[in-house]
Amino acid sequence: MTNEAVSKVVLITGCSSGIGAATAIRLATAGWTVYATARRVESIAALAEAGCRTMALDVTDDASMQHAVATIEAEHGAVGVLINNAGYSESGSVEELSSERLRRQFETNVFGVHRLIQLVLPGMRRQGWGKIVNLSSMGGRLTFPGGGAYHASKYALEALSDALRFEVKGFGIDVVLIEPGLIRTGFSQAAVGSMTTALAKPGPYSAFNEAVARNTKEAYEKGMFSKLGGGPDDVARTIERAVSARRPKARYPVTASARALLMQRAMMPDWAWDAFLRTQFPQPGAA
Ligand SMILES: NC(=O)c1ccc[n+]([C@@H]2O[C@H](COP(=O)([O-])OP(=O)(O)OC[C@H]3O[C@@H](n4cnc5c(N)ncnc54)[C@H](OP(=O)(O)O)[C@@H]3O)[C@@H](O)[C@H]2O)c1
């Protein structure tokens with residue numbers, strides 16, 4: 001049962017740039033009470049000026065997640081809308097990926113999301129209303145070589161969200177996956193930056209890693225893929241639509257190219273998808 005004093009307060013992670021910042025501004029402008037958060041609170045000073053409340057929150061730091069949720073609950077009773085946006089891509093070949101870097105990828109993209117969900121759910125259940133929005137990717141349903149760690153984390157997020165959607169529906173809580181295609185943000189820089197060590201070390205994947213770094217950079221800066229991509233506000237607009245809907249969809253792909261690629265992947269057998277990828281990436285080990 002929804003009570004009258006339902007809190008629709010929004011908590012967003014990773015607002016220092018890109019999609020998180022655009023979503024915070026869009027929702028605050030539309031009248032939502034928004035708590036925009038980031039690891040370095042000074043990086044979101046402009047969001048405070050745009051009408052958001054700002055707080056420090058690192059999704060790999062349990063105490064900071066507890067503190068953020070407790071602060072909102074003390075002021076408003078519950079987090080009404082949780083937008084799990086913080087995330088990055090750990091890129092490079094699977095063989096050369098250290099276990100430590102793979103763990104770090106999951107700490108941010110999966111475990112942080114899970115922990116925040118755990119922290120907000122009791123409040124949402126108490127008031128019989130809540131929306132949990134998880135920033136997945138078209139890369140949560142298809143994979144590109146050189147993105148093993150990132151795709152694994154987003155596939156995990158898709159599975160967690162699918163299970164959760166069923167489990168919390170009866171409590172009045174909706175779970176939504178946002179699946180952007182290429183979006184021009186700080187994302188590509190972080191992805192290429194994660195390959196610094198791999199790129200500096202000669203090895204069997206050197207040419208491949210270089211191609212992954214080059215393709216990533218070029219895809220966001222020029223050419224067909226860049227043109228088919230979108231900006232952070234395209235995602236923010238979709239998120240606003242999802243949190244405002246009485247019956248939101250389970251998945252919202254963003255950009256026409258994401259929808260086209262997801263359809264292409266769903267229709268292609270694995271061998272045909274691999275053949276398509278060979279037109280885009282050099283295959284390591286092949287003569
Ligand atoms: N851009 C795309 O093409 C694309 C496509 C599909 C999905 N996505 C997803 O969209 C989400 C947002 O990405 P974006 O494109 O907006 O990239 P972005 O501009 O690089 O923003 C990523 C945000 O995540 C934050 N972050 C990273 N680790 C964090 C941590 N431990 N705790 C809290 N915040 C942390 C970053 O904060 P710092 O400034 O502190 O590093 C930054 O604010 C991600 O989940 C990404 O996977 C992006």
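A short reminder: the numbers here are calculations on the coordinates, not readings from a lab. Keep in mind that this is a model prediction, so the values were computed, not measured. Note that each Cβ is placed from the backbone with ideal geometry, even for glycine, and that neighbours are counted across all protein chains shown.
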Specify the inter-centroid distance of segment 66-103 and segment 231-282, based on alpha-carbon positions, in whole Å.
22
Taking θ = phi - 60°, what integer Hz values does the Karplus form 6.51 cos²θ - 1.76 cosθ + 1.60 yield along segment 9-22, in sequence order, with x for Gly and Pro?
5, 9, 10, 10, 9, x, 9, 5, 7, x, 5, x, 5, 4
Contour minus Cα-Cα span, GLN264 to THR279, at 0.36 nm per residue, comes to 3.9 nm
For the chain, the Cα-Cα pair-distance distribution in 5 Å bins from 0, as whole percents, is 1, 6, 12, 16, 19, 16, 12, 8, 5, 3, 1, 0, 0, 0
So, in the chain, how many Lys pairs have Cα atoms under 15 Å apart, if the pair is 8 or more places apart or on different chains?
5
Degrees, to the nearest 10: 232-244 long Cα axis against longest axis of the chain
40
Over all directions, what mean area does the Cα convex hull of segment 158-251 project, stated in square nanometres?
8.1
With each run of n ≥ 4 DSSP H residues scored as -39500 (n - 2.57), what mean residue ellipticity at 222 nm is computed for the chain after dividing by its residue count and rounding to the nearest 500 deg cm²/dmol?
-15500 deg cm²/dmol
Ordered by fewest other Cβ atoms within 10 Å, a rough proxy for footprinting exposure, HIS67, HIS151 read HIS67, HIS151
Compute the angle between helix 148-169 and the longest alpha-carbon principal axis of the chain, please, reported from 0 to 90 degrees and rounded to the nearest 10.
30
Return the FRET efficiency for the residue pair ALA207, ARG184: r is the Cβ-Cβ distance, R0 is 30 Å, and the value is rounded to the nearest 0.05.
0.65
Rank these for me by crowding, MET55, MET267, going from fewest to most other beta carbons within 10 Å.
MET267, MET55
C-alpha long axis of helix 206-221 to longest principal axis of the chain, angle in °:
50
Using the Cα centre as the reference, give the magnitude of the dipole from point charges on the C-beta atoms of segment 1-123 (Lys, Arg: +1; Asp, Glu: -1; all else neutral), rounded to the nearest 20 debye.
240
